[in-house]
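Accompanying notes for the structure given below.
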Amino acid sequence: MLLYNNPASGNCYKVRLLAAQLGLDLELHDLDVVDRSNRPAVIGQLTPVLRVPVLVLDDGRALFESNAIIDYLAEGTPYLPQDRYERQQVLAWQFFEQYEIEPNLAVARFWRLFGIEQPDSAWQQKREAGRRGLDALERGLEGRDFLVADRYSVADISLYGYTHVAAEGGFDLAPYPAIRAWLARVAAQPGHIAITS
Ligand SMILES: N[C@@H](CCC(=O)N[C@@H](CS)C(=O)NCC(=O)O)C(=O)O
């Protein structure tokens, strides 16, 4: 399988992490996340939204949206619950991630890593919204080891992608003990790889 990837992207990392844990080989084709001028030529036929990750299956079909990609790969494995209620819980956390975590933690991190200047009001908005997302994640993790059904699943991978590099976006995880303990549990899972690997 071929993954259109960016090495710094938490969204792409979700796919690389699960693939490593499933023992799946990925060929990587890295795309720039700042100069996006070649996107229509390179992935325009594969995804209408022109963002990475895009995974191309061996039969040529393409998948886009990080959480939808990992759910597809996890089908029939212990990483995706079979139970209907538990699957709803997985999706609930993944939608939460895309609405409350990724747009704040990932965007603030992107601005910092790539030196993209923003007005103070934009930083302030990201900081406040990101903290609200982290507060919710902390509440969701209190008293449990993993997000869904007390076992490691794609829900954890989706939330781990950007939460574990929150500091790179300027977010301090010190006030979030349940999140910090959960990050350590996720990092200790068999086959875990770092975002930099
Ligand atoms: N919701 C998408 C977001 C994908 C996304 O924002 N990808 C970034 C890299 S992390 C990208 O391609 N940015 C380029 C752009 O926005 O044009 C997902 O989860 O896959």
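The values are calculated or read from the model by the stated rules, or taken from the named source; none is laboratory data. Quantities reported herein were computed from a predicted structural model and do not represent experimental measurements. All Cβ positions, even for glycine, are placed from backbone atoms using ideal geometry, and neighbour counts span all protein chains on display.
Being in contact with a Phe, Trp or Tyr (Cβ under 9 Å, 6 or more places away or on another chain) and away from the ligand (no atom under 16 Å from the Cβ): is that true of Gln21 here? Against the criterion (in contact with a Phe, Trp or Tyr (Cβ under 9 Å, 6 or more places away or on another chain) and away from the ligand (no atom under 16 Å from the Cβ)), Gln21 qualifies. Applying the selection to segment 165-197, what residues are in a helix (DSSP H, G or I), surrounded by fewer than 19 Cβ atoms within 10 Å (Cβ to Cβ) and of a type outside the set (Gly, Ala, Ser)? Hits for segment 165-197 are Glu168, Pro177, Arg180, Arg185. Checked against (1) under 20 Å from His192 (Cα atoms); (2) exposed (fewer than 12 other Cβ atoms within 10 Å of the Cβ); (3) within 14 Å of the ligand (Cβ to nearest atom), Arg16 passes all but condition (2). Quick one: is Tyr162 among the hydroxyl-bearing types (Ser, Thr, Tyr), buried (at least 16 other Cβ atoms within 10 Å of the Cβ) and not in a loop (DSSP other than H, G, I, E, B)? Criteria met by Tyr162. Scanning segment 143-152 for any residue that is surrounded by 22 or more Cβ atoms within 10 Å (Cβ to Cβ) and assigned to a helix (DSSP H, G or I) turns up nothing. Among the conditions (1) farther than 23 Å from Leu26 by Cβ; (2) at pLDDT below 95, the only one that Ser197 does not satisfy is (1). Step by step: first the residues of segment 50-84, then only those that are on the phi > 0 side of the Ramachandran plot and within 12 Å of the ligand (Cβ to nearest atom), then the one that is nearest to the chain's Cα centre (by Cα). Which residue is that? Only one residue tops the list, namely Glu65. Within segment 22-45, residues that are within 11 Å of Leu2 (Cβ to Cβ) and outside the structural domain of Arg109 (by TED's automatic domain parsing) have Cβ atoms under 9 Å from residues that are part of a helix (DSSP H, G or I) and more than 10 Å from the ligand (Cβ to nearest atom) in these pairs: Asp25/Ala19; Leu26/Arg16; Leu26/Ala19; Leu26/Ala20; Leu28/Arg16; His29/Val42, counting only partners at least 6 apart in sequence or on another chain.
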